[in-house]
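Student: Sharing a structure, written as structure tokens. Questions coming.
The values are calculated or read from the model by the stated rules, or taken from the named source; none is laboratory data. Remember, it's a predicted structure, so these values are computed and weren't measured experimentally. So basically every Cβ, Gly included, is an ideal-geometry build from the backbone, and we count neighbours across all protein chains shown. The accessibility values were calculated without ligands, DNA or RNA, using every heavy atom of the protein model including side chains. Shrake-Rupley method; radii C 1.70, N 1.55, O 1.52, S 1.80 Å.
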Amino acid sequence: MRDFGGEIKKLASTTTVALPSTIAPSRGSARVKRLIAIDGSTVTSRVENGHPGAEASLLNMAAVVIALAKLRELARMGKSTADPIPSPADVRKLEQWHTLSAVLPGRNVIGKSNDADTPKRFFRQVVHRQISGATLSGDHETLLETLRAITDDRAAPIRCPGESCDRRVTPQPEPTRCAACGETVYPSDSLRCHERFEDYGSSEQAFTMVRIVVEHLSMVNLIRWFERHDRFDVLNGIGFVMDGPLAIFGMAAWLKKHIQDELARLHRLSLRKGGAGILLLGVEKSGMFMDHVDALDWSAARGERGRLQPGTVMAPDVGYIHQHIALRPPDAKPHGENTYYGRHLMYKSQSGQHAALTLPIVNTEPPRFPRRLELVGR
């Protein structure tokens, strides 16, 4: 490791790094009254079915509605000047939540039906069943209907999910059969999560991919509800928060373009109807951007969080990202071009907290030369 350290190029000090461009977006008249926070999790555990290594993963996804006006009132009341943080039990009363839960089978777990006689077939069957039946509102479309709507049923050809079949198939709106091997091809196979399923090891990657897809489809599904019911007036007072970046990674990354296009369409529709647009934030609690803003906000004279002024909003362009965050040659393909449908911001709040945010890309301005940075938000 000492020898290797002599080969690498090191940054002398982040205090010598010039700050990325800062922005000061004007604040609109609309005030956010509610936040809808979307988050999911997977917990994998053993399955007692008599077979070694059998596992399954519990998938939970929650959309939590937080009444900000009541939260502000509660914060003003506080418990005392010395201890102003309100009781968690009181905060909990301000929340309403909707959940989706499913159990995803893993290795050495099969179902009772004929189409579930191998672990991978059973996994694919369950994913299709859950996505085609999942809805966050009884009078709205399912996640599968959202997927079909935003992609216009134009799924790209995939390798047949059947064992030892090399035929390319295109998933259809309804389950079909592969002409070569007879394997059932589900509409949800277009997400390609099954390609990360492991017969002899843990399928954590497949479970995680399903979770990510469910989270992001749920977010689009919720915003489309306001269009379906023509309630853009209510949408003006709502902000959406995603846990993690506005990005789709892995085999389902092809969804990125369709989600970006759909959010841009809904944003423009809101503006045409006199609204303030869609307010959506992806919040990263860790990672390269968070590490970088932590390093930037260091001063030799004042120490940690001593360089940036509270309220600073930084919008790094592609050149800055390639030089200081995700190292790449200047002429390389922009970081996150195939996975992110949001632009990065780095923020120091008025209270001194750091945040790495992504906001949806709702225009066609190339991020390499951002003459105009249109941010979704108020």
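Student: Quick check: net charge around ASP297, other residues with Cβ under 12 Å of its Cβ, Lys/Arg +1 and Asp/Glu -1?
Tutor: Working: positive: ARG302, ARG305, ARG307, LYS348; negative: ASP291, ASP294, GLU304.
Around ASP297, the charge tally is +1.
Student: Sticking with this structure for a sec: Could you order the peptides 205-213, 1-9, 175-183 from most to least packed, using the average number of other C-beta atoms within 10 Å per residue?
Tutor: 205-213, 175-183, 1-9
Student: Right, another one. Per residue, how large is the accessible surface of the stretch 170-226? Use a 1.4 angstrom probe and give square angstrom. Kindly include the intermediate steps, with their values, before the conclusion.
Tutor: Numbers: 2120 Å² over 57 residues.
Value for the stretch 170-226: 37 Å² per residue.
Student: What residues qualify as long-range amide H neighbours of ILE361, i.e. H under 5 Å apart, gap of 5 or more or another chain, H built at 1.01 Å from N?
Tutor: The list, which skips near neighbours in sequence, is GLY342, ARG343.
Student: Here is a follow-up. Carbon and sulfur atoms: what percent of the 1.4 Å accessible area of the stretch 177-301 do they account for?
Tutor: Here it works out to 52 percent.
Student: Using a probe radius of 1.4 Å on heavy atoms only, what accessible surface per residue do you get for the stretch 105-166? Whole Å² is fine.
Tutor: Solvent-accessible surface per residue comes out at 47 Å².
Student: Something else now. Which of ASN363, ASN108, ASN49 moves the most in a Gaussian network model of the chain with Cα springs under 10 Å?
Tutor: The residue that fluctuates most here is ASN49.
Student: Sequence-distant or interchain residues sharing an amide H contact under 5 Å with PHE240, placed H: which?
Tutor: Those qualifying (amide H under 5 Å, at least 5 residues apart or on another chain) are ILE36, LEU279, LEU280, LEU281.
Student: Scan (i) 209; (ii) 127; (iii) 144 for the value of volume of the Cα convex hull per residue in Å³ calculated from this model and give just the label.
Tutor: The value matching this structure is (i).
Student: Could you tell me the accessible area of VAL214 in Å² (1.4 Å probe, neighbours in place), rounded to the nearest ten?
Tutor: Using a 1.4 Å probe on the heavy atoms, I get roughly 10 Å².
Student: May I ask you to give the average projected area over all directions of the convex hull of the Cα atoms of the stretch 134-176, in nm² rounded to one decimal?
Tutor: 3.8
Student: What are the ³J(HN,Hα) values, in whole Hz, obtained from phi via the Karplus relation 6.51 cos²θ - 1.76 cosθ + 1.60 with θ = phi - 60°, for each residue of the stretch 340-351 in sequence order, with x given for Gly and Pro?
Tutor: 8, 10, x, 9, 7, 10, 10, 9, 10, 6, 5, 8
Student: Can you give the log10 of the normalised intensity I(q)/I(0) at q = 0.10, 0.24 Å⁻¹, computed with Debye over equal Cα scatterers of the stretch 151-248?
Tutor: Log10 of I(q)/I(0), two decimals: -0.40, -1.25.
Student: Moving on. With springs only between Cα atoms under 10 Å apart, run a GNM on the chain and tell me which of SER218, SER87, SER101 wobbles the most.
Tutor: So, out of SER218, SER87, SER101, the one fluctuating most is SER87.
Student: Whole-Hz ³J(HN,Hα) for each residue in the stretch 98-111, computed from phi via Karplus 6.51 cos²θ - 1.76 cosθ + 1.60 with θ = phi - 60°, x for glycine and proline: what do you get?
Tutor: Ordered by residue, 3J(HN,Hα) equals 10, 10, 10, 10, 7, 10, 9, x, x, 5, 6, 10, 10, x Hz.
Student: Right, here's the next one. Go ahead and set up a Gaussian network model of the chain, Cα springs under 10 Å, then flag whichever of HIS324, HIS229, HIS335 fluctuates most.
Tutor: Among HIS324, HIS229, HIS335, the largest mean-square fluctuation in the Gaussian network model of the chain belongs to HIS229.
Student: Let me ask something else about it. Which of the helices in the chain, when you take each full DSSP H run, stretch at least 15 Å along the axis at their Cα atoms and have an average Kyte-Doolittle score of -0.5 or higher?
Tutor: Values: long enough: 119-133 (21 Å, -0.79); 204-228 (35 Å, 0.32); 255-272 (26 Å, -0.76).
Those that clear 15 Å and a mean of -0.5 are 204-228.
Student: OK, next. Which three extents, in whole angstrom, do the alpha-carbon atoms of the stretch 205-356 cover along their principal axes, largest first?
Tutor: Extents along the principal axes: 56, 35, 31 Å.
Student: Can you list residues whose amide H is under 5 Å from ASP317's amide H, if they're 5+ apart or on another chain and H is modeled 1.01 Å from N?
Tutor: Here SER21 satisfy the definition.
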